[in-house]
Amino acid sequence: MPSSYENAFGDELEAIYGRGVHDLPGVVAALNASGVRPAGGEDWTEPSFTAELARLSGTENHS
Amino acid sequence: MNPLHTTEGLLRFGLRDRWYPLCPSEHVRTGELVRIDRAGEQLLLWRDAAGTVHVQEDRCPHRGARLSQGVHMGDRIACNYHGVQVDAEGTVVSVPGSPGCALEGRRVLRTFPAQEHAGAVFAWFGVDESAPPATLEVPAPIAGGAWSRFLCYVEWNAPYLYSLDNLLDPMHGAFLHRNSHTMFAGKREAVFQIRVTDTGFVFEKTDQRGVNFDWVEFTHGGADWVTLEIPYPDTAGPGGPFTIVAGLCAISENRHAGFFWRCREVSGWERDSWRFLYRNRLEARHYAVLEQDREMAEAMPADAWDRENLYQHDIALVRMRRLLKAEAAKQAARLTEPATAAPVPVA
Ligand code: FES
Ligand SMILES: [Fe+2]
């Protein structure tokens with residue numbers, strides 16, 4: 001089961017993408033304007049955002 | 001007569017001289033003997049100590065007991081009935097009840113060339129089982145490289161041919177899936193054309209692309225593949241359109257296995273974002289769309305093909321069926337031709 005944080009993170013991402021914002025700086029800025037924060041509560045940066053996505057994306061393809 | 005020697009039977013269970021995806025790789029766990037029916041054959045799947053997967057007929061060469069009820073011995077299977085041991089090549093390596101008997105050393109268990117790719121087990125079913133298989137060629141989205149993918153595996157209570165028809169019928173997207181997250185847009189009227197390729201054909205709308213389910217490609221060679229593309233809404237984030245590579249395999253006349261590799265050409269953080277969203281929510285939406293197809297296919301009458309009135313949107317089906325039927329007829333003829341007799345010397 002995804003956590004409520006994961007669902008909220010997904011909701012915000014979908015909303016931001018849905019406004020046509022698809023570039024990394026734009027997405028990070030929009031996420032900071034939302035209520036979703038990493039576990040420590042700090043603002044998102046490009047490295048922290050991409051690291052979080054890598055963590056949440058789970059295991060890679062297996063061939 | 002063996003249905004696999006008739007045109008009709010080959011069509012219903014799947015033509016020979018092809019690779020078929022049988023099941024997801026994870027269905028065959030180390031140390032286990034897996035029994036499945038596919039493409040008109042009763043199969044045993046197992047992995048040897050090295051993890052290599054083997055596909056053989058689930059039929060003991062002694063008296064026909066199910067080898068799948070036997071004992072996995074690492075590099076061989078021992079039948080549970082009288083202990084006959086058969087290896088991965090199909091050779092009887094031991095007859096414990098009658099050591100030295102003529103069955104020992106004989107290669108008598110039907111064994112099908114097997115391979116794993118993109119998370120699935122594939123096997124080759126040849127017209128001539130002693131001939132080597134063709135190379136397994138796979139469409140680009142599951143060949144590796146810049147694509148990210150997830151395999152969706154389903155079993156439906158419908159002939160595989162109905163699924164194939166469904167995949168080659170892009171126009172149903174604008175109707176059956178009109179309320180979906182991906183296929184709500186675009187025209188409800190379309191003119192299609194067929195474009196022949198080196199390996200099959202592309203069936204495409206002439207006046208709309210990238211809006212709905214606007215084209216599909218049938219690839220026909222060592223395996224049959226259907227590749228199609230459906231645009232994503234902005235909410236799916238950056239990356240290419242949603243692409244599906246489909247492979248089908250009959251389980252019985254009225255049941256089949258469907259492999260839908262869901263793919264996207266996307267890299268870096270965009271790839272991670274798609275993989276996260278896919279797991280968190282998109283998979284459930286894609287699955288709901290696939291359920292609409294399943295409900296339609298499973299409820300089709302058994303004689304659907306006999307009473308159709310096809311129109312322009314159905315020309316890809318007609319072409320695909322004609323191709324399969326012609327090949328099935330050729331294979332049936334090869335499979336039933338009498339062994340050529342030695343010429344009689346004229347005195
Ligand atoms: S039937 Fe398998 S050993 Fe006899
Ligand atoms: Fe569909």
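The values are calculated or read from the model by the stated rules, or taken from the named source; none is laboratory data. All of these numbers come straight from a predicted model, not from anything done at the bench. Methodologically, a virtual Cβ is constructed for each residue, glycine included, from the backbone with ideal geometry; neighbour enumeration extends over all protein chains shown.
For segment B:22-48, the tally of residues that are over 18 Å from B:R107 (Cβ atoms), within 16 Å of ligand 1 (Cβ to nearest atom) and in a strand (DSSP E or B) stands at 2.
Test B:V86 against the stated conditions and say whether it is within 16 Å of ligand 2 (Cβ to nearest atom), of a type in the set (V, I, T) and more than 14 Å from chain A (Cβ to nearest Cβ). Break it down stepwise before answering.
Values: within 16 Å of ligand 2 (Cβ to nearest atom): no; of a type in the set (V, I, T): yes; more than 14 Å from chain A (Cβ to nearest Cβ): yes.
Here the answer is no, as B:V86 does not meet what is asked.
Checking each residue in segment A:4-33 for being under 11 Å from the mean Cα position of the chain (by Cα) and either β-branched (V, I, T) or assigned to a loop (DSSP other than H, G, I, E, B) (or both) picks out A:I16, A:V27, A:V28. Beta carbons closer than 6 Å, at least 6 apart along the sequence or on distinct chains, pair a first residue in segment A:19-41 that is within 13 Å of chain B (Cβ to nearest Cβ) and more than 18 Å from A:A51 (Cβ to Cβ) with a second that is in a helix (DSSP H, G or I) and acidic (D, E) for A:G20/B:D234.
Pick from B:D234, B:D198, B:D207, B:D169: which is buried (at least 16 other Cβ atoms within 10 Å of the Cβ) and of a type in the set (D, E)? Every option except B:D169 fails the conditions.
What number of residues within segment B:49-66 are closer than 21 Å to B:P24 by Cα and either within 12 Å of ligand 1 (Cβ to nearest atom) or buried (at least 16 other Cβ atoms within 10 Å of the Cβ) (or both)? Steps first, answer last, please.
So the first thing to find is which residues in segment B:49-66 are closer than 21 Å to B:P24 by Cα, and the list is B:49-58.
So of that shortlist, the ones also either within 12 Å of ligand 1 (Cβ to nearest atom) or buried (at least 16 other Cβ atoms within 10 Å of the Cβ) (or both) come out as B:53-58.
Within segment B:49-66, residues that are closer than 21 Å to B:P24 by Cα and either within 12 Å of ligand 1 (Cβ to nearest atom) or buried (at least 16 other Cβ atoms within 10 Å of the Cβ) (or both) number 6.
Out of curiosity, is B:A49 touching a residue at least 12 places away in the same chain (Cβ under 8 Å) and within 30 Å of B:P3 (Cβ to Cβ)? Spelling it out, it is not the case that B:A49 is touching a residue at least 12 places away in the same chain (Cβ under 8 Å) and within 30 Å of B:P3 (Cβ to Cβ). Considering segment B:276-293, and only residues there that are surrounded by 14 or more Cβ atoms within 10 Å (Cβ to Cβ) and either within 16 Å of ligand 1 (Cβ to nearest atom) or of a type in the set (D, E) (or both), the residue that is nearest to B:G237 (Cα to Cα) turns out to be B:E283.
A single entry from A:S4, A:S57 fulfils the requirement of being within 11 Å of chain B (Cβ to nearest Cβ) and polar (S, T, N, Q): A:S57.
Note down all Cβ pairs under 8 Å where the first residue falls in segment B:85-96 and is at positive phi, the second is aliphatic (A, V, I, L, M), and they're at least six residues apart or on different chains. Qualifying pairs under 8 Å: B:G90/B:V108; B:G90/B:L109.
Here the condition is being more than 14 Å from chain A (Cβ to nearest Cβ), at pLDDT 95 or above and under 17 Å from the mean Cα position of the chain (by Cα); of B:A250, B:A316, it holds for B:A250 alone.
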